[in-house]
1. Got at least one residue in region 160-169 being out of contact with any strand residue (DSSP E or B) (no Cβ under 8 Å at 6 or more places or on another chain) and closer than 20 Å to Leu73 by Cβ?
2. Report, by residue number, each residue of region 193-228 that is within 18 Å of Tyr82 (Cα to Cα), of a type in the set (Phe, Trp, Tyr) and out of contact with any helix residue (DSSP H, G or I) (no Cβ under 9 Å at 6 or more places or on another chain).
3. Among the numbered criteria (1) assigned to a loop (DSSP other than H, G, I, E, B); (2) surrounded by 22 or more Cβ atoms within 10 Å (Cβ to Cβ), which single criterion is violated by Gly95?
4. Pick out, from region 116-204, the helices (runs of 4 or more DSSP H) lying fully within it that include 3 or more residues that are at pLDDT 95 or above, under 23 Å from Glu308 (Cβ atoms) and under 14 Å from the mean Cα position of the chain (by Cα).
5. Taking region 125-159 on its own, how many of its residues are surrounded by fewer than 20 Cβ atoms within 10 Å (Cβ to Cβ) and without any contact (Cβ under 8 Å) to a residue 40 or more places away in the chain?
6. Out of the residues in region 53-91 meeting the condition of being under 25 Å from Thr272 (Cβ atoms) and in a strand (DSSP E or B), tell me which one is farthest from the chain's Cα centre (by Cα).
7. Condition (residue is of a type in the set (Gly, Ala, Ser), in a loop (DSSP other than H, G, I, E, B) and either in contact (Cβ under 8 Å) with a residue 24 or more places away in the chain or touching a Leu at 6+ places or on another chain (Cβ under 6 Å) (or both)) applied to region 237-257: is it met by at least one residue?
8. For Leu28, state whether it is surrounded by 14 or more Cβ atoms within 10 Å (Cβ to Cβ), over 21 Å from Met160 (Cβ atoms), touching a Lys or Arg at 6+ places or on another chain (Cβ under 9 Å) and not small (Gly, Ala, Ser).
Amino acid sequence: MKSLPLFVFAASLATVTLCSAEPSSSNLSYDKELSEFAYPFEVETFEFESQRQRLEMRYMDIGEESSDRVVVLLHGKNFSGYYWERVANDLQEQGFRVIIPDQIGFGKSSKPEAYQYSFRQLALNTKLLLESLDVEKTCLVGHSMGGMIATTFAADFPGMLDKLILVNPIGLESYAKYVDFKDTNFFYENELNKTVEKARDYQKKNYYDGNWSDAYEELLKPLKGQLAGDDWEIVAWNNALTYGPIFSESVVERFPLIKTPTYLIIGTRDTTGPGRDWKKEGVTRKLGDYSQLGKQAQSLIEGSQLFELEGLGHMPQYEDYAAFKEVFDKALED
């Protein structure tokens, strides 16, 4: 294993203990690290020090460790690594090693009382994890907010990437240009008032064009359990803190810095537009118009390829897996 920077304590391979039987759906209660929510694959822990505190980054690592074909899957803001299960299984069958981290503040990873969240920090944390696993080169896949982290990783650490795949990333427009600045307390109050019904209604409208299914409902299970648990306040605080970089960092400005072969997979019906409810006075821009945003991003990333999925929204890997897989495989094989 490579030597790590001094501030990295260790990469602990101790598996997080998962319960074999979860509570019934009507009696869910999860702590801040989803201890009783079973992930699809074995969960491991990377311990490191950041911002004067010791943190634990959980991740899944499947496939042959010796494989020279590695894919890293980065989750979006409203989810964590568990929702990559089907994609990861397919990749493993194709001979890839697949690494799926939960970013700090999400899923089973640490929820600090205080942390200066930025996409450069989260990208650096991901880099340290990969170095601890002796991964020198990878294909990096980012969905939703994970696309903002992946873009930043590509700009900061291009030597570690074979290719970059962005699946309906947010951040394809610079929100700070169009929306009012909000104190973290604003987002914290919203999180404290969150309900499963509100989350379902938001995703149903913005992700799935008014449709809903049992598969979509299953993705809400961690939220249901944490809302019913005793740790929602610290989870809500971290949720609020992670809005900061979404509205203060422009990854659009990083697109021209990317020299890695890049592939954009865009469900063109997506309408996800963070901040559309508090636009600056006089702003008439329609936020979240992915039918145009994908094309604009492609024009800014040199040599990138755009795969548009007509009729699909923010979660193409769930709405129509066959359509998603067809273009995803093309990006992987190119």
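1. no
2. If the condition is that a residue be within 18 Å of Tyr82 (Cα to Cα), of a type in the set (Phe, Trp, Tyr) and out of contact with any helix residue (DSSP H, G or I) (no Cβ under 9 Å at 6 or more places or on another chain), then no residue fits.
3. (2)
4. 145-156
5. 5
6. Selected residue: Val71.
7. Yes: region 237-257 contains one or more residues that are of a type in the set (Gly, Ala, Ser), in a loop (DSSP other than H, G, I, E, B) and either in contact (Cβ under 8 Å) with a residue 24 or more places away in the chain or touching a Leu at 6+ places or on another chain (Cβ under 6 Å) (or both).
8. yes
The values are calculated or read from the model by the stated rules, or taken from the named source; none is laboratory data. Everything numeric here is computed off the predicted structure, so don't read it as measured data. Counting neighbours? That spans all protein chains shown, and the Cβs are built from the backbone with ideal geometry, glycine included.
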